[in-house]
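Data block below; observations after.
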Amino acid sequence: MSTTNPSAMRVTAPAKINLHLRVGPPTADGFHPLSSWMVTVGLFDNLEFTLTDTPGVRLTSDDPALPTDASNLVVKTATGLLDAANLAASTGVDITLHKRIPSGAGLGGGSSDGAFTLLALNQLLQLNWSPDRLATLASRYGSDLAFFCHGPSSICTGRGEIVHPIAPPCAKYAILILPPIHMPTPAVYKRFDQLLPSELGTRNSELSPPDYATWPTLTAQELLPKLINDLEPPAFSLSEPLADLHARATKILDARIVRMSGSGSTLFTLYDTRDEAETNADRLRLTLGVNVQPVELAPNRGAK
Ligand code: C5P
């Protein structure tokens, strides 16, 4: 985070990937219990905040497709924080969002923007709320927001909002394959509920957490075979182009394991070195004809 004037601040909000994502059957509230290792990646939205004495939250964005009204998580979280801090009657905030993280891509862009809005306003308004207190407020607005209040590497359980920080992976780089496919998260979970265990095809149907403690010490080649995303079968059954892209990427990378993040559509694989990630990203980009980006895993917060 950077501050030049005490009532203004700029932050960079990172995307995340789910390295591992196990999903259980839905509970009475319709949500699914999860066990997921989430890490931030070096792909960022930029947010600028200016406090004013005109009450209200005003958001502008360089992405014309993005709603900037009360349905946007940035507006929701800023409004929620001002209310919770009893400042809504006296204080307002103007926010500009430079959108770089694609939406509907399983990268948590909207959630990151919402969580970093809370972190920035906590600092700007000098509230000194703890990350836990911010995460509790954040989780009202979506399952992924609490993760971003802690970052950069955590095991997330519950519906995603129970966050246990863990060391980042020893594999420091990923390739993100970013097809122009928007995956609607509720529809992917709904399809998950419709698929038979045989169609889900997961290696074990239990949600008992693996021994995550050793996973951060593994190299990319050691870690990749352990990773599962239970939402791949439903996402691939909803989008044939995504299933096809997954198969082609795997083949181009000589059968390297390629996983999907969240409910899709981003696909990724891991590397130990920047060189390997860059070289293989070039190979994929040439052949797949979609946006492919090598990124750092768990970059320092605020880095670009
Ligand atoms: O919490 P979030 O807004 O990210 O959830 C979007 C949708 O994804 C929910 O409305 C629900 O359909 C589904 N979901 C779920 N179980 C979770 C997280 C999300 O069923 N643990």
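Coordinate-derived values only; no laboratory data. Note that this is a predicted model, so its numbers are computed, not measured. With ideal geometry, Cβ positions are generated from the backbone for all residues, glycine too; neighbour counts draw on all protein chains shown.
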Subject >> Cross-link reach list, lysines versus Lys16, counting only Cα pairs under 23 Å and skipping chain neighbours closer than eight places >> reply: Lys76, Lys99, Lys172, Lys190, Lys226, Lys304
**OP:** Could you please tell me the mean projected area of the C-alpha convex hull for segment 131-192, averaged over all directions and given in square nanometres to one decimal?
**Re:** 5.8
Subject >> Calculated FRET efficiency for the pair Asp63/Leu196, C-beta based, R₀ 45 Å, to 0.05 >> reply: 0.70
Subject >> Rounded to whole Hz, the Karplus (6.51, -1.76, 1.60) HN-Hα couplings of segment 88-102, x for glycine and proline >> reply: 4, 7, 10, 10, x, 8, 9, 10, 10, 10, 9, 8, 10, 7, x
Original post:
Which residue fluctuates the most in the chain, going by a Gaussian network model with Cα springs under 10 Å, if the choices are Val39, Val290, Val93?
Top reply: Val290
Original post:
Rg(Cα) of segment 72-124 divided by 2.2 N^0.38 Å?
Top reply: 1.19
Subject >> Dipole magnitude of the chain, debye to nearest 20 (Cβ charges: Lys/Arg +1, Asp/Glu -1, about Cα centre) >> reply: 160
Original post:
Projected onto the charge dipole of the chain (+1 at Lys/Arg Cβ, -1 at Asp/Glu Cβ, origin at the Cα centre), which of Val295, Ser237, Ser112 gives the Cα projection farthest towards the positive end?
Top reply: Val295
Original post:
Rule-of-thumb check for segment 1-98: C-alpha Rg over 2.2 N^0.38 Å?
Top reply: 1.35
Original post:
Taking the inverse of the average 1/r across all pairs of different Cα atoms in segment 8-165, what Kirkwood radius in Å do you get?
Top reply: 15.8
Subject >> Derived scalar couplings ³J(HN,Hα) [segment 37-53; Karplus, 6.51 cos²θ - 1.76 cosθ + 1.60; whole Hz; x for Gly, Pro] >> reply: 9, 10, 9, 6, 10, x, 9, 10, 8, 10, 10, 10, 10, 10, 6, 9, 9
Subject >> Normalised contact order of the chain, rounded percent, pairs of Cα under 8 Å and 6 or more residues apart >> reply: 23
Original post:
Of Thr27, Thr79, how do they rank once you tally other Cβ atoms within 10 Å and put the fewest first?
Top reply: Thr27, Thr79
**OP:** Run a plain Debye calculation on segment 173-296 (Cα atoms as equal point scatterers, no solvent) and give log10 I(q)/I(0) at q = 0.14, 0.18 Å⁻¹, rounded to two decimals, same order as the q list.
**Re:** -0.64, -1.02
Subject >> Amide H within-cut-off set for Gly262, under 5 Å, with H built and near neighbours excluded >> reply: Asn18
Subject >> Value of Rg to Rh for segment 156-205 (Rh from inverse mean 1/r over Cα pairs, i.e. Kirkwood) >> reply: 1.04
**OP:** Compute the Rg to Rh ratio over the chain from the alpha carbon atoms, using the Kirkwood formula for Rh, and round to two decimal places.
**Re:** 0.97
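In what order do Phe236, Phe31 fall by count of nearby beta-carbon atoms within 10 Å, going from fewest to most?
With the fewest neighbours first, Phe236, Phe31 line up as Phe31, Phe236.
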